[in-house]
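Engineer: Take a look at this one; I'll ask things after.
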């Protein structure tokens, strides 16, 4: 274990343990969950997510790193109010089963052919837009911490690349928060352990939760993580990774967790040259995974700290943690080189938050995008 391993592992673990953690708390509040339910969700995704990647790193001697899907929890935040906790857990469990089946049968590539990446990016952009739009009102309500967070995100990375922009936004934003906000006294509480939940299954949860969530996890987390490993000259076992992730997803669902998976940016950091010699980089993933597990074990205390923060600051940090993903998704949707009408239609339906026949907007957005893409393909064949 080298200093480079430890540094890269720490940087990797910071990603889910900062903005990603705040986003989980925010989504749980939108769903109206109790403190015990929130702790169960929170602890499960970090403990089991960290354990999954620790197992993969040790098993294959490759720098697998991850915790949970940030894009997945952002999606859940948009629909959580429409489902009970048991129905959410049922949807999460079915999502894990879809990932497991996709890994076992090798259907992942075929699924991406049916639903192109550009349409998934458009869906993601539409889902994330409401979060990003909260930056301006948050700055108006908390100008010092807001402007310092803006400086952290846009200015500091021009000086140093040691940390991602979202982490700088959090660090400087917290500094500003200590200046302009009087924190209430933290109420001491006993350790609260996660409790299992009996999932409730329904067709509505399958179509509105399981299908879009599994697509987001596979395309925006697992595919990116596997691609990062391949770009750094590793040969990760794709199907075995997906099977293990599917099992882990089903395990966290039994505690109300939405996902446990290989992370894209986390694996990219741990597999890069900055993490040390190629044959030892899995040490960075081990450090990252152990830190993520420890973070989950402290769920009851971490959540209490997050809840001390004012809602406008939570919204601000959440927005900055998703801003990079949003920008990349928008670029994919509105690229001028290939004016992508199906992707734009997907984006519009997602933004309009159309819900009909008990089916959520993300599903309608996917259906409209896939149908438009199919029609465009038929027109292209007719011209030929």
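Engineer: In this structure, does residue 273 turn out to be within 15 Å of residue 61 (Cα to Cα) and either modelled with pLDDT under 90 or buried (at least 19 other Cβ atoms within 10 Å of the Cβ) (or both)?
Structural biologist: On the way: within 15 Å of residue 61 (Cα to Cα): no; either modelled with pLDDT under 90 or buried (at least 19 other Cβ atoms within 10 Å of the Cβ) (or both): yes.
So residue 273 does not fit the description; no.
Engineer: Just to be sure I understand, how many residues within segment 137-178 are surrounded by fewer than 17 Cβ atoms within 10 Å (Cβ to Cβ) and within 15 Å of residue 311 (Cβ to Cβ)?
Structural biologist: Final tally of qualifying residues: 3.
Engineer: For the subset of segment 276-292 comprising residues that are touching a helix residue (DSSP H, G or I) at 6+ places or on another chain (Cβ under 7 Å) and farther than 17 Å from residue 18 by Cα, which member is surrounded by the fewest Cβ atoms within 10 Å (Cβ to Cβ)?
Structural biologist: Looking at residues that are touching a helix residue (DSSP H, G or I) at 6+ places or on another chain (Cβ under 7 Å) and farther than 17 Å from residue 18 by Cα, I get 280.
Engineer: Please determine, by comparing only the residues of segment 5-18 that are surrounded by fewer than 24 Cβ atoms within 10 Å (Cβ to Cβ) and touching a helix residue (DSSP H, G or I) at 6+ places or on another chain (Cβ under 6 Å), which one is farthest from residue 305 (Cα to Cα).
Structural biologist: 5
Engineer: While we're looking at this one, here's another question. Checking the conditions here, which among 15, 10 is out of contact with any strand residue (DSSP E or B) (no Cβ under 7 Å at 6 or more places or on another chain), closer than 17 Å to residue 217 by Cα and either modelled with pLDDT under 90 or part of a helix (DSSP H, G or I) (or both)?
Structural biologist: 15
Engineer: Could you tell me whether residue 65 is in a loop (DSSP other than H, G, I, E, B) and crowded, with 24+ Cβ neighbours inside 10 Å?
Structural biologist: yes
Engineer: Quick check on my filter: what residues within segment 232-250 are within 13 Å of residue 96 (Cα to Cα) and surrounded by fewer than 19 Cβ atoms within 10 Å (Cβ to Cβ)?
Structural biologist: Of everything in segment 232-250, those that are within 13 Å of residue 96 (Cα to Cα) and surrounded by fewer than 19 Cβ atoms within 10 Å (Cβ to Cβ) turn out to be 243, 247.
Engineer: Scanning for something assigned to a helix (DSSP H, G or I) and either at pLDDT 95 or above or farther than 30 Å from residue 172 by Cα (or both), does segment 20-29 turn up at least one residue?
Structural biologist: Checked against the condition, which is being assigned to a helix (DSSP H, G or I) and either at pLDDT 95 or above or farther than 30 Å from residue 172 by Cα (or both), segment 20-29 yields no hits at all.
Engineer: A further question follows. From the list 197, 211, 269, exactly one residue is out of contact with any strand residue (DSSP E or B) (no Cβ under 8 Å at 6 or more places or on another chain), in a loop (DSSP other than H, G, I, E, B) and within 30 Å of residue 126 (Cβ to Cβ). Which is it?
Structural biologist: Selected residue: 197, the only one of 197, 211, 269 that is out of contact with any strand residue (DSSP E or B) (no Cβ under 8 Å at 6 or more places or on another chain), in a loop (DSSP other than H, G, I, E, B) and within 30 Å of residue 126 (Cβ to Cβ).
Engineer: (1) in a helix (DSSP H, G or I); (2) surrounded by fewer than 22 Cβ atoms within 10 Å (Cβ to Cβ): which one isn't true of residue 43, the others all being true?
Structural biologist: Checking residue 43 against (1) in a helix (DSSP H, G or I); (2) surrounded by fewer than 22 Cβ atoms within 10 Å (Cβ to Cβ), the one that fails is (2).
Engineer: With the requirement that a residue be surrounded by fewer than 24 Cβ atoms within 10 Å (Cβ to Cβ), in a helix (DSSP H, G or I) and modelled with pLDDT of 90 or more, what does segment 68-89 give you?
Structural biologist: 85, 86, 87
Engineer: In segment 159-166, is there at least one residue being at pLDDT 85 or above, in a helix (DSSP H, G or I), within 19 Å of residue 18 (Cα to Cα) and in contact with a helix residue (DSSP H, G or I) (Cβ under 9 Å, 6 or more places away or on another chain)?
Structural biologist: Yes, some residue in segment 159-166 is at pLDDT 85 or above, in a helix (DSSP H, G or I), within 19 Å of residue 18 (Cα to Cα) and in contact with a helix residue (DSSP H, G or I) (Cβ under 9 Å, 6 or more places away or on another chain).
Engineer: Somewhere in segment 228-241, is a residue under 29 Å from residue 78 (Cβ atoms) and not in a loop (DSSP other than H, G, I, E, B)? Spell out the reasoning first.
Structural biologist: If we filter segment 228-241 for residues that are under 29 Å from residue 78 (Cβ atoms), which is where we start, we get 228, 241.
Filter once more, so that each one left must be not in a loop (DSSP other than H, G, I, E, B): 228, 241.
Yes: segment 228-241 contains one or more residues that are under 29 Å from residue 78 (Cβ atoms) and not in a loop (DSSP other than H, G, I, E, B).
The values are calculated or read from the model by the stated rules, or taken from the named source; none is laboratory data. Since the structure is predicted, the reported quantities are computational estimates derived from the model, not experimental observations. Reconstructed Cβ throughout: ideal geometry from the backbone, glycine too, with neighbour counts over all protein chains shown.
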